[in-house]
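> Pasting a structure below so you can have a look.
Each reported figure results from applying straightforward, stated rules to the coordinates on display, with no laboratory input. Just so it is clear, the structure is predicted and the values come from calculations on it, not from any experiment. Ideal geometry is used to build each Cβ from the backbone, glycine not excepted, and the neighbour counts take in all protein chains shown.
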Amino acid sequence: MIDARNLTKSFGTVAAVHDVSLSVGPAQIYALLGPNGAGKSTTINMLTTLLTPDSGTLHINGHDSVRNPDAVRRIIGVTFQDLVLDRDLTGRECLEYAGRLYNLDAPLRRQRMSDVLELVELGSAADRLTGTYSGGMKRRLELARCLMMEPMVLFLDEPTQGLDPQHRAQIWQYIKDLRSQNGMTVLLTTHAMDEAEELADTVGIIDNGAMVQEGTPEALIRTLGSAYIRINATFPDAYIPGFGGAEWVTMIDTQPGVLTIGVLHGARQMTTIIEHLTRDGIDIVDISMTRPSLGDVFLQVTGRALRDEGAVR
């Protein structure tokens, strides 16, 4: 459904996206992750025909996005990171307006409005002004609006940003239902690692405009080993433990006062790690073992440095 090959986009001398490729099959959910300024928004804008790539090819359900963008726009739905609802219209009027823009005739508009309002559970609030809606209700109305056209491919840019846990779970369930019941293909961007881990069949991590890691959430997490062992202690400067090169070690990360070790078969290696640290004169304050998460993969791949909010996105 989505086939992007070697997409590149620059703004002046700034290379926002360089040689990015991704492929998403029918009824699949793909999560695109990346730090601020990594190129996510630029990539989404190319995928949704808002930007034309400088080079590369892009097809949505076989349609060439560059040569025939109108054909692509007829089969996609998009919700943006920033809410774009007219607060002086009711929820029903927002949907009516969207349906008219897409030339849906009156009977079909009414049926589609009824269907999507039921899906996102806004029927009782449909005749209220959207300016009175909560953040979660606005997100759900935006999702309903793009579903009015029954898109084959749905693009969601930060779909649960700013929502409380209950509304996040609700949006997650809608997305799952769209895939399982409607066969819809979904590509979403998110900063919430638990969201990507919960929803996505495939995760792509983009950084500095390039795709740096891709795979299923489970496969990406496995690259860090079966367990993370975190030790709180006072370590000498540039401390490197003697077991660093062992075959059961998948990664080592040293931060002030904290040593994190990715290991295979964590419980088996705990004693070995403690023995090495004790031999090196390290006074252990606390030690814990957890399962690595997608967030750990993200930090391992992109680093911990804060990114400039003003960078090209």
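> Report the local net charge at Met152: Lys and Arg +1, Asp and Glu -1, summed over other residues whose C-beta lies under 13 Å from its C-beta.
After counting each charged neighbour, the total is +2.
> Then there's this: Using the number of other C-beta atoms within 10 angstrom as an exposure proxy, rank Thr272, Thr160, Thr302 with the fewest first.
Ordered from fewest to most neighbouring Cβ atoms within 10 Å, Thr272, Thr160, Thr302 come out as Thr272, Thr302, Thr160.
> Determine the sum of side-chain charges near Trp172: Lys and Arg each +1, Asp and Glu each -1, restricted to other residues whose C-beta is under 9 angstrom from that of Trp172.
Its environment carries a net charge of 0.
> Let me ask something else. Neighbour counts of other C-beta atoms within 10 Å: give me His63, His276 arranged from fewest to most.
Ascending Cβ contact count within 10 Å gives the list His276, His63.
> Let me ask something additional. To the nearest whole percent, what portion of all C-alpha pairs in the stretch 36-107 is separated by more than 15 angstrom?
Values: 1650 of 2556 pairs.
Looking at the stretch 36-107, the distances longer than 15 Å represent 65 percent of pairs.
> Hey, in the GNM for the chain with a 10 angstrom Cα cutoff, which one of Thr90, Thr290, Thr42 fluctuates hardest?
Highest fluctuation among the options: Thr290.
> Across every pair of different alpha-carbon atoms, what Kirkwood hydrodynamic radius in Å does the stretch 2-220 reach?
Kirkwood hydrodynamic radius for the stretch 2-220: 17.8 Å.
> I've got another one for you. Would you calculate the separation in nanometres between label points at Val84 and Ser180, each defined as 7 Å from the Cα along the Cα-to-beta-carbon direction?
The modelled label-to-label distance comes out at 3.1 nm.
> For the chain, with a Gaussian network of springs between Cα atoms less than 10 Å apart, report the residue from Ile261, Ile273, Ile60 with the top mean-square fluctuation.
Ile273
> Please list 3J(HN,Hα) in residue order for the stretch 149-162, calculated via the Karplus relation 6.51 cos²θ - 1.76 cosθ + 1.60 where θ = phi - 60°; whole Hz, with x for glycine and proline.
Values per residue, Gly and Pro as x: 8, 6, x, 7, 10, 10, 10, 10, 9, 6, x, 10, 4, x Hz.
> Related question: Just subtract the alpha-carbon distance of Asn61 and Asp253 from 0.36 nm times their residue separation and send over the number in nm, one decimal.
Between Asn61 and Asp253, full extension yields an extra 64.9 nm.
> Follow-up. Take Arg291, Arg179, Arg110 and order them by how many other Cβ atoms sit within 10 Å, fewest up front.
Starting with the residue having the fewest Cβ neighbours, the order is Arg291, Arg110, Arg179.
> Output the direction-averaged projected area (hull surface divided by four) of the convex hull of the alpha-carbon atoms of the stretch 178-313, in nm².
10.5 nm²
> Which residues in the stretch 153-188 have a backbone N closer than 17 Å to a point placed 7 Å from the Cα of Asp3 along the Cα-to-Cβ line?
Flagged as within label range: 153, 185.
> If you don't mind, there's one more thing I want to ask. Please compute, for the alpha-carbon atoms of the stretch 225-291, the extent along each of the three principal axes and give them in descending order in Å.
Projected onto its principal axes, the Cα set of the stretch 225-291 covers 27, 20, 18 Å.
> Per-residue ellipticity at 222 nm for the chain, helices alone: DSSP H runs ≥ 4 residues times -39500 (n - 2.57), over residue total, nearest 500 deg cm²/dmol?
One gets -10000 deg cm²/dmol as the mean residue ellipticity at 222 nm.
> Measure out, as a whole number of angstrom, how far apart the alpha-carbon centroids of the stretch 60-89 and the stretch 159-206 sit.
Result: 18 Å between the Cα centres.
> Another question, then. If you take every DSSP beta bridge fully contained in the chain, what fraction is antiparallel? Give it as a percent rounded to 5.
Close to 70 percent.
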